[in-house]
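To keep things clear, I will list the structure first and then write my remarks on it.
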Amino acid sequence: MKRETVVVLDFGGQYNQLIARRVRECNVYCEIYSYKTSIEKIKEIQPKGIIFTGGPNSCYEAQSPTYAREIFELGIPILGICYGSQLMMHLLGGKVEKAPVREYGKIQVNVNTSSKMFTDVSEKTICWMSHNDYISKEAPGFTVNAWTDDCPVAAAENPDKKLYAIQFHPEVLHTQEGKKMLSNFVYNVCGCAGDWKMDSFVEESIKSIREKVGNGKVLCALSGGVDSSVAAVLLSKAVGNQLTCVFVDHGLLRKNEGDEVEAVFGPDGIYNLNFIRVNAQERFYTKLKGAEEPEQKRKIIGEEFIRVFEEEAKKIGAVDFLVQGTIYPDVVESGVGGESTVIKSHHNVGGLPDCVDFKEIIEPLRDLFKDEVRQAGLELGIPDYLVFRQPFPGPGLGIRIIGEITAEKVQMVQEADAIWREEIAKAGWDKNVNQYFAALTNMRSVGVMGDERTYDYAVALRAVTTTDFMTAESAELPWEIIGKATSRIVNEVKHVNRVFYDCTGKPPATIEFE
C-alpha cells in the first residue's frame, strides 16, 4: 500500500517505538529504521518527514552512531530528538559538549510560540529531559526557539531547510504538550494529510490480500489471541473458503482455553471457519524437556509451531501461504528493523526456523501496534469481548514458567492464573487494568501448612496499566483483591506456598516474565 510515511531513524534510543506510536496517533503512518539504513533506501521510501531518535552515546565521539550529511539536503523535514538534536547540530557546524549541569526529569522549558513546532503550546511548558551532553552553540542558519535555566538550546530550527532540533522528549507523557508538538511537526512542517485510519487500512488490506493470494490456499496460525483472531477474520473476509485455520493446543494455554477457542472459531462457533484443532501437548513437552533459557524455549516453540503447520498443510493439500498475527512490537522487540538490541525473540518473528515449507508468509497486522489491532478488529465487526480479551503470548505459559517446563508446572500456573483473573473480574477491576496474569517462578522456599513443613514454589501475580504495551505501569490494585487471590492460590493450588505481586513497570521490566 502506498501511504504517506514518517520515518523514525533509530540511534539506539529507548523511546523509538513510542515516537512511532505518537506519530500514528496523529493518523500518520510511521516506521522505524536503523541509522545504518542507506540514503538510497530513504529516498526510495519518499517519507514526508524524518525523526532522529535519542540514544545513549555522545555524538562527538568517533565511534558514535551518525549519518551522512546528505540527508539534510534532501528537502525532507527532519526533527532531531535528544541525541538526534545533538547529532544534527554537530554535523551542521554547531557545538555539543558535556553539560555543566545534567538535566533529568520534568523541567520547565521556555518556548517561542511563533515557531511552527510550538504553535498553540504554552510559553512555559513542562518537558521531559534526559541528557548528559548539551548543545552549547546552535549550528549556522539555526535560531534558538526554546531554552531552560541550564540548557541554552532546548530547541533550535532552520525553517528554510525544514530542520528542527529539540533536546527534550516530546513522545513521553511527562512532556505535557508533547503530542501537540509532534502533531505540529507532522502537519505544520511535513504537511501530512493524516490518512492513516483503521477503516481504510482494513479495506486496503482486504484488497491487497485478494490480489496476492489469487486462487491459492491459505493456512492461518490461529492461537485464539487478539492478534491471530483479527488476522483470521481479516483473511476470511478477503479469501473466504480458501482459508483454513489451524489451532495448535501446545499444552501451554490458559485453563480451558482450547475449548473456548474452538467454541468461537469451530464448526458451531461465531465464525464458521475451516477450523482444525491439533492436540500436540505431549509433542511440545518432549521438545521442551531440559530447556531453561528463555530464548531457547521461544525458538523451540516457534519451530515446532511451524512444523505442525507444515504437517497439517500437507494433509490439506498444496498450501501456498501461511498467515500469522505478527504485530509491530513483535518485530521491533525481536531486533528487526530498528537499531535496538533484541529484547526477546517472538515465536512468530525471531523464532522462525530458516526453512519454512510455504511459498510465502502473510502478516497482515505486521505494521500495527496492539491498540491499532483492536481498532481493526472493531472495524471488522468482531465482538468487543473478543477484541478486548486479555493478551496472551504465542509461546503461552512457556514464558510464564521460569526455567524448565513440565506438565505439573503448567497445571500449577493454569490454576493460579485462573484464580487471579477470576478475582480481578469479580472485583470489577478487569476494566481498569490492561493485562493481568500469574506466572510460576523457579524459586522454592520453606513454608508451613497444616503444621507441616513445605518446600514449594512461589507464584508471581502481574497486573499492568498501559496504552500501547510499549511502556506500562504496575497496577495499584486494592489489597483485598491481592489478599484474597493469595489466600485462594496457596490453598487451592498444589505445590505453591508463597505468592508475590510484581510492582515493576516497563521499562525496566517487560510485561511478560521471559
Subset of segment 1-56 that is over 20 Å from the mean Cα position of the chain (by Cα) and hydrophobic (A, V, I, L, M, F, W, C) - its residue that is farthest from Y83 (Cα to Cα): M1
In segment 57-67, residue nearest to the chain's Cα centre (by Cα) [restricted to those that are over 23 Å from V6 (Cβ atoms) and not hydroxyl-bearing (S, T, Y)]: N57
Residue that is open to solvent by less than 20 Å² (accessible area, probe 1.4 Å) and within 19 Å of A165 (Cα to Cα), where the choices are G49, G55: G49
Residues being modelled with pLDDT under 95 and open to solvent by 10 Å² or more (accessible area, probe 1.4 Å) - total across segment 149-159: 3
Filtered residues of segment 196-219 (kept if touching a Pro at 6+ places or on another chain (Cβ under 9 Å) and crowded, with 19+ Cβ neighbours inside 10 Å): S205, I209
Test: residue in segment 176-195 that is in a strand (DSSP E or B), of a type in the set (K, R) and surrounded by fewer than 21 Cβ atoms within 10 Å (Cβ to Cβ): no
Residues located in segment 204-223, provided they are part of a helix (DSSP H, G or I) and modelled with pLDDT of 90 or more: S205, I206, K207, S208, I209, R210, E211, K212, V213
Tally, over segment 253-292, of residues that are closer than 24 Å to E422 by Cα, out of contact with any helix residue (DSSP H, G or I) (no Cβ under 9 Å at 6 or more places or on another chain) and surrounded by fewer than 19 Cβ atoms within 10 Å (Cβ to Cβ): 4
Criterion (in contact with a strand residue (DSSP E or B) (Cβ under 9 Å, 6 or more places away or on another chain) and closer than 30 Å to N215 by Cβ) met by exactly one of I270, I316: I316
Subset of segment 392-430 (residues that are open to solvent by 10 Å² or more (accessible area, probe 1.4 Å) and over 22 Å from G483 (Cβ atoms)): F392, P393, G394, I402, E404, T406, A407, E408, K409, Q411
A231 vs. criteria under 23 Å from P391 (Cβ atoms) and in contact with an Asp or Glu (Cβ under 9 Å, 6 or more places away or on another chain): yes
Search result, residues across segment 431-444 that are open to solvent by 10 Å² or more (accessible area, probe 1.4 Å), over 20 Å from D330 (Cα atoms) and touching a residue at least 12 places away in the same chain (Cβ under 8 Å): N432, T441, N442, M443, R444
Filter result for E70 (farther than 18 Å from N145 by Cβ, out of contact with any strand residue (DSSP E or B) (no Cβ under 6 Å at 6 or more places or on another chain) and modelled with pLDDT of 95 or more): yes
Matching residues, segment 161-175, being open to solvent by less than 10 Å² (accessible area, probe 1.4 Å) and in contact with a Cys (Cβ under 7 Å, 6 or more places away or on another chain): Q167, F168, T175
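The values are calculated or read from the model by the stated rules, or taken from the named source; none is laboratory data. Note that the structure is predicted; figures quoted are calculated from it, not measured. Glycine gets a Cβ as well: all are built from the backbone with ideal geometry, and neighbour counts include every protein chain shown. Heads up: the accessible areas ignore ligands, DNA and RNA and are worked out on the full protein's heavy atoms, side chains in. Shrake-Rupley method; radii C 1.70, N 1.55, O 1.52, S 1.80 Å.
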